[in-house]
Amino acid sequence: MNSSIKKLDINLAMIVQLSMLHLIQIGLKYGVFRELTTKRHYSDVLTAIPVRNKPLLKSLLDTYSKLGILEKGVNELVGSDFSYILALNSADNKYLLPDWVPLFEEIYKMVDYAFISPQHPKILMDFDKDADFWDMRLALELNNVYRRIIVSIGEIKDEMRVLDLGCGSISPVEIGKFLGPNGEYVGVDFSPGIISIAKQRIQNSGFDWVTLKEVDIKAIRPKTRYDIVIISFVLEYVDNIQKVVKNAMEVLEEKGKLIIVEPFRENYPNIEAWEFFERLTREFVEFPKKSSIIESLENDGYTYRVQELGKSILIIEKL
Amino acid sequence: MFIDPFIIRSINRSELRKRILLYLNEIYPNATYLAEIARVVKSDPSNVKGALVGLGNRYNGYSSLVSLGLVEIIEDSGFKYYRLSEYGKKVVELLRSYHTYYNKFM
């Protein structure tokens, strides 16, 4: 499992690095850096750069500011001296997965369309309207890696009860297959499109122990108790992490495990570069901090044991 | 292998191309000839040829199944046979998974 954890972390870090390069490319392509050679008023910069979607341009400038690529004063902007080293560690290269690269290239390209119009049909980041694109994203080997880690950590097998919050369209089959007729997998997702694709797959597989519900994870009130609760790549779309973590802990059996997989922002420097692209999805908030999750647990007074695996996995055992 | 969702969406809207792909998937990994495909999908051979390799303005280079890499041509003793490619097989799998979704949302 250690090599899978390493694989996950190294690829997530590489997504951040590649996003950084593409973010700089956007600045070059739209003449942003040229406009910021001298101190300029914020609104003058927004006017001078010829793109129609000004809120997206503002988001780009704010991201540059967070990354130290430009300096932001009160209503003023100016470019900073900036250098960036892309790290390719030869010992780690064997863990690099190729299949996420073309998919992320598509996302990087979508920014050009988004600069024309936020509703441009070539932007495929809506959970419902573009559930097919999300399905392809969720089918990447990178996602299979963390699914296998979850199954291994949770020792998922028949007779267990698993709740997957923000299950997507692939996990109901790929995690559900480890359970059986004596177990139960309940997947919750708020996108009707994604749930529809997942249901089709479940029907094809004949996994009648898998139940899928179209519900917002903030609104769940399950009565059943679960041995495992999964939250993977979901908290970045949630504005109230504490509520989701509290709900998850509430439905856990004693000794049950909450498994959280996220690129925790403390562990990934420059993650703001990746976030800029993810904001093409309307619901995106930001990648969570590990500390916010721990804080939520403390505030709610749970007795728990927490274990961190690599840079992107937290296992919280309810005591 | 990246699959462009616009290709899947476009094929889903094109009944003939979809029927051809589903038939070639059914007989995969075998290949077959144009007239046989036309007979099974109940269409005119010229329309089927257009869907497979392009024909004038209909099914131009951007949308024929061969130019999209979904179907490959095998030439043997002067005859042409058509077979679903590996890439085409993946596209068919996705088309099937998205069947309900496309019907409901698109």
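Give the stretch A:200-224 a look and list any residue that's within 14 Å of another protein chain (Cβ to nearest Cβ) and crowded, with 19+ Cβ neighbours inside 10 Å, or say none. Steps first, please.
Keep residues of the stretch A:200-224 that are within 14 Å of another protein chain (Cβ to nearest Cβ), which gives A:200-205, A:212, A:214.
Listed by number, the residues that qualify are A:Arg201, A:Ile202, A:Leu212.
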Kindly list, by first and then second residue, each pair from a residue in the stretch B:1-24 that is facing chain A (nearest Cβ under 8 Å) and β-branched (Val, Ile, Thr) to a residue that is open to solvent by less than 20 Å² (accessible area, probe 1.4 Å) and not in a helix (DSSP H, G or I), limited to pairs with Cβ atoms under 8 Å and residues at least 6 apart or on different chains.
B:Ile8/B:Tyr98
Within the stretch B:64-89, can you find the residues that are part of a strand (DSSP E or B) and of a type outside the set (Ser, Thr, Tyr)?
B:Val71, B:Glu72, B:Ile73, B:Ile74, B:Glu75, B:Asp76, B:Phe79, B:Lys80, B:Arg83, B:Leu84
Do any residues in the stretch A:80-99 that are under 16 Å from A:Val145 (Cα atoms) and among the β-branched types (Val, Ile, Thr) have Cβ atoms under 8 Å from those of residues that are at pLDDT 95 or above and surrounded by 10 or more Cβ atoms within 10 Å (Cβ to Cβ), where the two are at least six apart or on different chains, and which pairs are they?
none
Residue tally, condition within 17 Å of the chain's Cα centre (by Cα) and either closer than 21 Å to A:Ile197 by Cβ or not aromatic (Phe, Trp, Tyr) (or both), over the stretch A:105-128
8
Is one or more of the residues making up the stretch B:81-94 over 30 Å from A:Phe127 (Cα atoms), more than 11 Å from chain A (Cβ to nearest Cβ), among the charged types (D, E, K, R) and open to solvent by 70 Å² or more (accessible area, probe 1.4 Å)?
yes
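Within the stretch B:43-54, identify whether any single residue is within 13 Å of another protein chain (Cβ to nearest Cβ) and either more than 30 Å from A:Met125 (Cβ to Cβ) or crowded, with 19+ Cβ neighbours inside 10 Å (or both), and answer yes or no.
Within the stretch B:43-54, not a single residue is within 13 Å of another protein chain (Cβ to nearest Cβ) and either more than 30 Å from A:Met125 (Cβ to Cβ) or crowded, with 19+ Cβ neighbours inside 10 Å (or both).
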Condition set within 25 Å of A:Gln17 (Cβ to Cβ), at the interface with chain B (Cβ under 9 Å from one of its Cβ atoms) and part of a helix (DSSP H, G or I), scope the stretch A:92-135, selection most open to solvent (accessible area, probe 1.4 Å): answer is A:Glu105
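Provide a single number: the residues in the stretch B:86-103 that are of a type outside the set (S, T, N, Q) and farther than 13 Å from B:Leu22 by Cβ.
Of the residues in that region, 6 qualify.
The values are calculated or read from the model by the stated rules, or taken from the named source; none is laboratory data. Here the structure is a predicted model, which is why all the values come from computation and not from measurement. All Cβ positions, glycine included, derive from the backbone under ideal geometry; neighbour counts span all protein chains shown. For the accessible areas, the whole protein counts, side chains as well, though only heavy atoms, and no ligand, DNA or RNA atoms are used. Shrake-Rupley method; radii C 1.70, N 1.55, O 1.52, S 1.80 Å.
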